[in-house]
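See structure below.
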Amino acid sequence: MGYVHRGIEKVSGGEENMSKPSGKNVGVEKMIPCLFPPGTCIHFYRDGSGIDGTYVPCTFFDEIDVARTMVDDHLISSGYGKIFLNMMRDFHKDDHFSFDRRRT
């Protein structure tokens, strides 16, 4: 059994979360979908004065809290794009860094 199958079995709780086959698809089993982000996860969040981030276990995203700013936070132009631009400006110590600027 591969890593993916073991992870899915662990997250889904085994066979009790498998839906029962019905009708013409008698030989097909379907699992209830689950989100399991691989690798290292960084959770970005508003901290009252700006945006901060921290490493979290992948199980942190088993449940989510819906907030008024959630949609805007996940848009590239106003959310993630802004976060990553600020991170790169801090990294390069260049307040004028831009992803659009071509490097030579």
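The values are calculated or read from the model by the stated rules, or taken from the named source; none is laboratory data. Just so it is clear, the structure is predicted and the values come from calculations on it, not from any experiment. Here Cβ is always computed from backbone atoms with ideal geometry, including for glycine, and neighbour counts include all displayed protein chains. Quick note on the areas: whole protein, heavy atoms, side chains included, nothing else; ligands and nucleic acids left out. Shrake-Rupley method; radii C 1.70, N 1.55, O 1.52, S 1.80 Å.
Run down Ser49, Ser98 and say which single residue is open to solvent by 100 Å² or more (accessible area, probe 1.4 Å), at pLDDT 80 or above and among the polar types (S, T, N, Q).
Ser49
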Subset of the stretch 63-81 [free of Cβ contacts under 8 Å to residues at least 24 places away in the same chain and in a helix (DSSP H, G or I)]: Met70, Val71, Asp72, Ile76, Ser77, Ser78, Gly79, Gly81
When residues of the stretch 11-29 are limited to those that are outside any loop (DSSP other than H, G, I, E, B) and surrounded by 11 or more Cβ atoms within 10 Å (Cβ to Cβ), the one modelled with the highest pLDDT: Ser12
Number of positions in the stretch 27-74 that are farther than 21 Å from Met87 by Cα and touching a His at 6+ places or on another chain (Cβ under 7 Å): 1
Conditions (1) in a loop (DSSP other than H, G, I, E, B); (2) more than 30 Å from Glu9 (Cα to Cα): number failed by Gly39: (2)
Within the stretch 55-88, considering residues that are under 13 Å from the mean Cα position of the chain (by Cα) and either at pLDDT 85 or above or open to solvent by 90 Å² or more (accessible area, probe 1.4 Å) (or both), the one nearest to Asp100 (Cα to Cα): His74
